[in-house]
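Trainee: So that we are looking at the same thing, I have put the structure below in structure tokens.
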Amino acid sequence: MRFDFSCSVVALSSMREKGEEIRNRLPRLVMSLIMGIIFWMLSVFVPPTLNEITIPGIGTQASFLLWVLMILIMGIFLIRVLSDALILGDILTDVFVGKLGIKEERSPKRAAREVVYIIVIVLVVTAMSPIISTLEEYGVYFNAIITYVGLGLVIVFIYDIGRILYTIIENKAEAIANQLTKPKNNNKRD
């Protein structure tokens, strides 16, 4: 009876921690997303107003430098959004995997998280591709870099999922083989 009580206390404590984490991360995620959208809109409308100004010594237009600065700031906010979204995704994956009834602690949960990560990576690369391809001179190169980095991350996650599934199947097959060989050993002794 005490074991059940202590397990329920640990589960309740874990649920409170997850709830607190959601309460902390969700507003920050929304605010970072709003700031990212604001800086994206600023990067679209403000730099064209500075087309005639050239920065002395560098020979670059002020509009381009301002645009790069705004894109970098937008990128910082989007990285914060991605970080918070991944942590919230971990929490939601824990809840989802728990609802599915998977009892093993690390491997299936990690594989499920990595499936979520793959989906997020594909969505982010797909969403960023049209935006980055609008860059004047380097859009094609940045687009290719982002595509290959996303593809590399997806390959790493697929490899890890395959390794996790292989380990699970190997352990289950070994357990089944041990169960099948036990009766044979007992019969030979009799």
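The values are calculated or read from the model by the stated rules, or taken from the named source; none is laboratory data. Computed from a predicted structure; not experimentally measured. Note that each Cβ is placed from the backbone with ideal geometry, even for glycine, and that neighbours are counted across all protein chains shown.
Trainee: Go through the range 77-94 and give me each residue that's at pLDDT 80 or above and either farther than 19 Å from Ile34 by Cβ or among the β-branched types (Val, Ile, Thr) (or both).
Mentor: Ile79, Val81, Ile87
Trainee: Can you pull out the residues in the range 43-55 that are assigned to a helix (DSSP H, G or I) and more than 14 Å from Ile131 (Cβ to Cβ)?
Mentor: Matches in the range 43-55: Phe45, Pro47, Pro48, Thr49, Leu50.
Trainee: Out of Glu170, Glu104, I need the residue that is among the acidic types (Asp, Glu) and at pLDDT 80 or above. Which one?
Mentor: The conditions single out Glu170.
Trainee: (1) modelled with pLDDT under 85; (2) surrounded by fewer than 14 Cβ atoms within 10 Å (Cβ to Cβ); (3) under 25 Å from Ile164 (Cα atoms): which one isn't true of Leu123, the others all being true?
Mentor: For Leu123, the exception is condition (1).
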